[in-house]
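Remarks on the structure that follows.
The values are calculated or read from the model by the stated rules, or taken from the named source; none is laboratory data. Remember, predicted model here, so these are calculated numbers, not experimental data. Here Cβ is always computed from backbone atoms with ideal geometry, including for glycine, and neighbour counts include all displayed protein chains.
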Amino acid sequence: MERVGDLDTVPSVRQYPLTMKSATIRDLRNAFPRVACWIEEGECVEITRFGKPFAYLAPIPPPAARQVKMPDFLARIRQHFPNEKPGQGLAAVVDYDRGDR
């Protein structure tokens, strides 16, 4: 472990800054791709005018997971094979396929 200033650095530990990135109106005008890259990475960006914050740019949250309605497979099987009795369908087929083994 190295000691750099007041921080201990360990190669296996990721450290993230806790401060919000800041950009001026001039930065937005002249270097917007860099600011857009920050936003795409999930950063919130504080926009300042004359050194005072007046707006925040934040990424759009991902859409919520959609609920998937699972089909009722048992009902479909009963609809297509109404005369089948549970537990008897495959036993006869397996016995027939095995023959005299």
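Scan the range 50-79 and report the pairs whose first residue is of a type in the set (S, T, N, Q) and whose second residue is modelled with pLDDT of 90 or more and exposed (fewer than 10 other Cβ atoms within 10 Å of the Cβ), with Cβ atoms within less than 7 Å and a gap of 6+ or a chain change.
That search, which allows pairs on different chains as well, returns nothing.
State all residues of the range 1-24 that are surrounded by 11 or more Cβ atoms within 10 Å (Cβ to Cβ), of a type in the set (A, V, I, L, M, F, W, C) and modelled with pLDDT under 90; if no residue qualifies, say none.
M20
Of the conditions (1) within 30 Å of D27 (Cβ to Cβ); (2) assigned to a loop (DSSP other than H, G, I, E, B), V68 fails just one. Which one is it?
That leaves (1) as the condition not met.
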